[in-house]
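Participant: Here it is, the structure in full.
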Amino acid sequence: MKIYIQSESKNIKKFIIEEKGKNTEIAVKKDMVSCIMSYLSKNNLTLSDFDEFIGVETKSFTGTRENFLIANTFNYFVKNFKVEDLKYPKYHKEPNIGKPKKSFGKK
């Protein structure tokens, strides 16, 4: 079994469980890790039941970073991957970090 972790934006998040060629997609409303743990608990599963955790590359820089962070954390601590065996994202472009759109405290 594998878990694919996919966060495309603040409001569009999901994880996909792949088991024996069948995919189960679960929408995430808040925290990805809490939702994964809750789903596993309700279905009598543990993180150790999975062969690999996979971060999905998306158009969102932050979403891609989040996906790989969660997947690599699980792979490192649960599956005992070595650091050199972890997967790193290939970002589609440099991050677009600009000035905040709103000033805090001003009306």
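Participant: With respect to the numbered conditions (1) part of a helix (DSSP H, G or I); (2) touching a residue at least 60 places away in the same chain (Cβ under 8 Å), which one is the sole condition not fulfilled by Ile36?
Facilitator: The one condition Ile36 does not meet is (2).
Participant: Taking the criterion of being surrounded by 14 or more Cβ atoms within 10 Å (Cβ to Cβ) and under 24 Å from Asp85 (Cα atoms), would at least one residue in the stretch 20-30 satisfy it? Spell out the reasoning first.
Facilitator: Applying the first criterion (surrounded by 14 or more Cβ atoms within 10 Å (Cβ to Cβ)) to the stretch 20-30 yields 26, 28.
Right, trim to under 24 Å from Asp85 (Cα atoms) and you get none.
No; the residues of the stretch 20-30 include none that is surrounded by 14 or more Cβ atoms within 10 Å (Cβ to Cβ) and under 24 Å from Asp85 (Cα atoms).
Conditions (1) surrounded by fewer than 20 Cβ atoms within 10 Å (Cβ to Cβ); (2) out of contact with any strand residue (DSSP E or B) (no Cβ under 7 Å at 6 or more places or on another chain); (3) among the hydrophobic types (A, V, I, L, M, F, W, C); (4) within 19 Å of Ser7 (Cα to Cα), marked per residue:
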| residue | (1), (2), (3), (4) |
| --- | --- |
| Thr46 | yes, yes, no, no |
| Thr62 | yes, yes, no, yes |
| Phe68 | no, no, yes, yes |
| Ala71 | no, no, yes, yes |
| Asn75 | no, no, no, yes |
| Lys82 | yes, yes, no, no |
| Asp85 | yes, yes, no, no |
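Participant: Spot the failing condition for Lys99; the list is (1) at pLDDT 90 or above; (2) surrounded by fewer than 12 Cβ atoms within 10 Å (Cβ to Cβ); (3) not small (Gly, Ala, Ser), and only one is missed.
Facilitator: (1)
The values are calculated or read from the model by the stated rules, or taken from the named source; none is laboratory data. From a predicted model like this one, the values you see are computed outputs, not experimental measurements. Ideal geometry is used to build each Cβ from the backbone, glycine not excepted, and the neighbour counts take in all protein chains shown.
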